[in-house]
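Okay, structure first, notes after.
The values are calculated or read from the model by the stated rules, or taken from the named source; none is laboratory data. Just so we're clear, the structure is a prediction, and the values are computed from it rather than from any experiment. We place every Cβ from the backbone using ideal geometry, glycine too, and count neighbours over all the protein chains shown. What goes into the accessible areas is simple: the full protein's heavy atoms, side chains included, and nothing from ligands, DNA or RNA. Shrake-Rupley method; radii C 1.70, N 1.55, O 1.52, S 1.80 Å.
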Amino acid sequence: MQTVGPSIPAVIGSHLDAEALYRAHSEFVARFLLKLGASGQDVPDLLQEVFLVAHRRGGFIMGPAKPTTWLAEIAFRVASDRRKKTKRKPEDADTDAIALLPAASATPGEAAEARQGLARVQRALDSLTSDKRVVFVLFELEGESCDAIAKGLGIPVGTVYSRLHAARREFARVHQQLAAEPTVDKAVDARGKAIAGAGA
Amino acid sequence: MSESDITTESLMDGQEPVRWLDDPTAASGLRTDLLHGATATAGGVDYGATLTALRGVITAQTGALAPAAIAGKSIGLKLALGGALAIGAAAAWWATRDDGAKNTVAVKHEPAAQLDVEPAAATKAVVDVARAPVSPTPAVAADPIPEPSIDVDPAPPTEPTGPTEPAEPPVPSEKVRKPKPTTDHPESDDDRFLREAQLVAQARKQLGTNPQQALASTRKHDREFPKGALVEEARALEIRALAKLGRMDDAQRKADDFLREFGDGAHASAVRRAIAGDDDVQ
């Protein structure tokens, strides 16, 4: 049976209150907020705000939309509102304890590559407009279908297609540029190898 | 043409596109990086503390304990959490009140007895949240709740339904009656936004049970926040309320204007459904 969370069956018409949604999808929402470009410092507040809005809307009733894309629409709106109202200093980002982390890697080298790859993805995402970014993230990174995205965001599926199309072109263009650049980690790795070589 | 361009071509033919991660024709470097993005997790988030804070705000609002959360931006969250700990006493107080009160706010969502966080753990969570870095702008959830009655459960309305004549009634006084905070400073942008969000949330909630009141709330929004951040949603709710009231001419006229301005917006489909008589909101 399809589920809407770790142990919640997806029964049409069933109701999920804010806490049930939080238990099932808080990690998704936090991750999604970061992929939308929210700063780590803002994530706890935004996370709480998303589920408070979900509560205000009376919770989620299983229907055509999925809880994840339904929450994504709220998160997108909440994050956009916050972005309009908050101007953070760039250096604040360096102090964020909350951030996207790559999956665990077997070796330090793989971990470094994962960090670099994730950084390229985030920078390429930064090149997208918010409307395109939300569609791209949901489709390419979160694995949602275009139909689910359309229902969740309340937009025609054709609009999802067109935004995804435009987002892909822009993302690929920027990613290609970034992939050609030497990264900080690469430079650090190179220095580390040079030092190791000198010491050998 | 790059591989990425090739893979995007299928998007425009109306077929569900293939994720780049699943598309062997996509550039391998791109797929590798996307895999890192797809498998990344949000590190450093204290989900337990945030859940405790969320419960606190919800119970504070639902139990009409908003004054506990009104004290100020920097301490609002802590006070709201304090409200969570105090909700047991508040729930008992509500339970012993005269049941017939019209302004009773149903305490259904999060009674304190259901909280599975031990008081000590909750207190720790308060401290954790208080220590956690917060943005200069406090969360809406932690902000003052000037109109706590908007966040009642989606239970049948306790107030009498509005009149049946087309003219929308004023928003019932018990819905908006609250003592004005005796602040020494003017309303901040955040406070104003919160009031606007609450008014729109109220309209959204009323739409399913009392479209006449929903319409009144949207009109109030239009008067108080003509250039607010939620104008689009408020206007969509107004159209949906009109349609639910059978005022299709008005709804159609406003929908035409709305769709010209927000035709690609998040609420356009809901507006289209409403004027097509297919608004399934409960």
Yes/no for A:A166 being open to solvent by 10 Å² or more (accessible area, probe 1.4 Å) and within 7 Å of chain B (Cβ to nearest Cβ): no
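Of the residues B:R240, B:R273, B:R235, which single one is out of contact with any helix residue (DSSP H, G or I) (no Cβ under 6 Å at 6 or more places or on another chain) and not small (G, A, S)?
When all the criteria are applied, what remains is B:R273.
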Filter result (more than 16 Å from B:T39 (Cβ to Cβ), among the small types (G, A, S) and surrounded by fewer than 18 Cβ atoms within 10 Å (Cβ to Cβ)) within segment A:104-146: A:G109, A:S127, A:S130, A:S145
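Could you tell me whether A:L52 is at pLDDT below 95, touching a helix residue (DSSP H, G or I) at 6+ places or on another chain (Cβ under 6 Å) and assigned to a helix (DSSP H, G or I)?
Taking the combined requirement at face value, the residue satisfies it.
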Test: residue in segment A:42-52 that is facing another protein chain (nearest Cβ under 8 Å), more than 25 Å from A:V157 (Cα to Cα) and surrounded by fewer than 22 Cβ atoms within 10 Å (Cβ to Cβ): no
Count of segment A:169-178 residues which are closer than 14 Å to A:R120 by Cα, facing chain B (nearest Cβ under 9 Å) and open to solvent by 20 Å² or more (accessible area, probe 1.4 Å): 2
Residue in segment A:132-143 that is more than 20 Å from A:A38 (Cβ to Cβ) and over 14 Å from the mean Cα position of the chain (by Cα) present: no
Enumeration of residues in segment A:24-34 that are under 16 Å from A:V134 (Cα atoms) and facing chain B (nearest Cβ under 7 Å): A:A30, A:R31, A:L34
Qualifying residues in segment A:55-103 (those that are farther than 19 Å from A:K35 by Cβ, within 11 Å of another protein chain (Cβ to nearest Cβ) and at pLDDT 85 or above) - the one most open to solvent (accessible area, probe 1.4 Å): A:I61
